[in-house]
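A.B. asks: Would you mind keeping the following structure in view while I ask a few things?
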Amino acid sequence: MLNTLIVGASGYAGAELVRYVNRHPHMTITALTVSAQSNDAGKLISDLHPQLKGIVDLPLQPMSDVRDFSADVDAVFLATAHEVSHDLAPQFLQAGCVVFDLSGAFRVNDCAFYEKYYGFTHQYPELLEQAVYGLAEWNADKLNAANLIAVPGCYPTAAQLSLKPLIDGGLLDLTQWPVINATSGVSGAGARRQCRTVSVK
């Protein structure tokens with residue numbers, strides 16, 4: 001049985017992850033955490049996400065130090081902002097944990113990419129080299145030995161899974177960019193209300 005820690009469990013991605021890990025026959029949830037400053041600290045996950053009531057009623061513990069949670073954990077899921085994952089992943093890796101990062105902090109092996117598109121300076125080029133892109137259909141052979149898995153987002157997953165059979169079957173003209181028309185709801189931007197996600201503004 002793998003002992004797992006879910007960091008950033010209060011958001012939509014974190015809560016879905018709680019649901020999946022709870023149902024997994026080879027995983028157990030050791031703890032659910034949020035940042036030490038979070039208003040959700042101390043609340044039950046099921047109070048924020050009623051679909052988990054009676055299924056997972058664990059508290060959201062405030063995390064200020066990785067060492068408080070890493071000792072008995074095999075795998076850590078980071079359902080956090082890019083910059084937060086960027087800072088936490090190296091600490092959990094150093095503690096011997098396998099890290100699954102749901103943010104974009106380790107998806108692209110190019111430090112300049114993060115400054116241009118994510119607005120922060122990436123401090124760990126060696127981890128960008130080490131990270132394995134976590135789309136099993138494309139990278140299954142590399143995932144078994146990986147310690148840092150960069151979980152792809154919803155758009156890349158939908159696009160790449162759609163394109164793979166076309167590429168494998170030689171049905172795609174590789175001299176042209178394919179057109180992918182994808183639409184998302186605002187839940188992809190997180191659980192907190194923000195002006196940029198209100199359609200009337």
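The values are calculated or read from the model by the stated rules, or taken from the named source; none is laboratory data. Computed from a predicted structure; not experimentally measured. Reconstructed Cβ throughout: ideal geometry from the backbone, glycine too, with neighbour counts over all protein chains shown.
A.B. asks: Quick one: how many residues across the stretch 65-80 are crowded, with 16+ Cβ neighbours inside 10 Å and modelled with pLDDT of 95 or more?
C.D. replies: Total satisfying the criteria: 7.
A.B. asks: Oh, and also: Report yes if some residue within the stretch 88-97 is outside the structural domain of ILE167 (by TED's automatic domain parsing) and within 18 Å of GLY153 (Cα to Cα); otherwise report no. Before the answer, list the steps.
C.D. replies: Kept after step one, since they are outside the structural domain of ILE167 (by TED's automatic domain parsing), are these residues of the stretch 88-97: 88-97.
Remaining after also requiring within 18 Å of GLY153 (Cα to Cα): 89.
Scanning the stretch 88-97 turns up at least one residue that is outside the structural domain of ILE167 (by TED's automatic domain parsing) and within 18 Å of GLY153 (Cα to Cα).
A.B. asks: Next up: Being touching a residue at least 12 places away in the same chain (Cβ under 8 Å) and not β-branched (Val, Ile, Thr) is the filter here; which residues of the stretch 8-25 pass it?
C.D. replies: If the condition is that a residue be touching a residue at least 12 places away in the same chain (Cβ under 8 Å) and not β-branched (Val, Ile, Thr), then GLY8, ALA9, SER10, GLY11, TYR12, ALA13, GLY14, ALA15, LEU17, ARG19, ASN22 are the ones that fit.
A.B. asks: Report whether or not VAL73 is in the same structural domain as SER46 (by TED's automatic domain parsing), part of a loop (DSSP other than H, G, I, E, B) and closer than 19 Å to LEU32 by Cα.
C.D. replies: Judged against the criteria, VAL73 is a match.
A.B. asks: Consider the stretch 121-146. How many of its residues are among the aromatic types (Phe, Trp, Tyr) and either in a helix (DSSP H, G or I) or more than 18 Å from the chain's Cα centre (by Cα) (or both)?
C.D. replies: Qualifying residue count, the stretch 121-146: 1.
A.B. asks: Out of everything in the stretch 44-57 that is over 20 Å from the mean Cα position of the chain (by Cα), in a loop (DSSP other than H, G, I, E, B) and not small (Gly, Ala, Ser), what residue ends up being farthest from GLY96 (Cα to Cα)?
C.D. replies: Among residues in the stretch 44-57 that are over 20 Å from the mean Cα position of the chain (by Cα), in a loop (DSSP other than H, G, I, E, B) and not small (Gly, Ala, Ser), the one farthest from GLY96 (Cα to Cα) is LYS53.
A.B. asks: Do we have any residue at all in the stretch 25-43 that's in a helix (DSSP H, G or I) and either over 24 Å from GLY185 (Cβ atoms) or under 17 Å from the mean Cα position of the chain (by Cα) (or both)?
C.D. replies: Looking through the stretch 25-43, none of the residues is in a helix (DSSP H, G or I) and either over 24 Å from GLY185 (Cβ atoms) or under 17 Å from the mean Cα position of the chain (by Cα) (or both).
A.B. asks: Filter the stretch 5-23 for residues that are polar (S, T, N, Q) and buried (at least 24 other Cβ atoms within 10 Å of the Cβ) and give the result. Give the steps one after another, and end with the answer.
C.D. replies: Of the residues in the stretch 5-23, the ones polar (S, T, N, Q) are 10, 22.
If the condition is that a residue be polar (S, T, N, Q) and buried (at least 24 other Cβ atoms within 10 Å of the Cβ), then SER10 is the only one that fits.
A.B. asks: Could you check, for the stretch 66-88, whether at least one of its residues is touching a helix residue (DSSP H, G or I) at 6+ places or on another chain (Cβ under 8 Å), of a type in the set (Phe, Trp, Tyr) and closer than 26 Å to GLU126 by Cα?
C.D. replies: Checked the stretch 66-88: at least one residue is touching a helix residue (DSSP H, G or I) at 6+ places or on another chain (Cβ under 8 Å), of a type in the set (Phe, Trp, Tyr) and closer than 26 Å to GLU126 by Cα.
A.B. asks: Hey, another quick one. Looking only at the stretch 24-43, filter to residues that are among the hydroxyl-bearing types (Ser, Thr, Tyr) and under 17 Å from ASP65 (Cβ atoms); which one of those is surrounded by the most Cβ atoms within 10 Å (Cβ to Cβ)?
C.D. replies: THR33
A.B. asks: Between VAL84, VAL56, VAL66, which is β-branched (Val, Ile, Thr) and touching a residue at least 40 places away in the same chain (Cβ under 8 Å)?
C.D. replies: On the way: VAL56 fails: touching a residue at least 40 places away in the same chain (Cβ under 8 Å); VAL66 fails: touching a residue at least 40 places away in the same chain (Cβ under 8 Å).
Among VAL84, VAL56, VAL66, only VAL84 is β-branched (Val, Ile, Thr) and touching a residue at least 40 places away in the same chain (Cβ under 8 Å).
A.B. asks: Please list, ordered by first then second residue, the pairs with beta carbon atoms under 9 Å, 6 or more apart or interchain, first in the stretch 106-119 and closer than 20 Å to THR80 by Cβ and in contact (Cβ under 8 Å) with a residue 12 or more places away in the chain, second surrounded by 12 or more Cβ atoms within 10 Å (Cβ to Cβ) and among the acidic types (Asp, Glu).
C.D. replies: The qualifying pairs are ARG107/ASP101; TYR118/GLU83.
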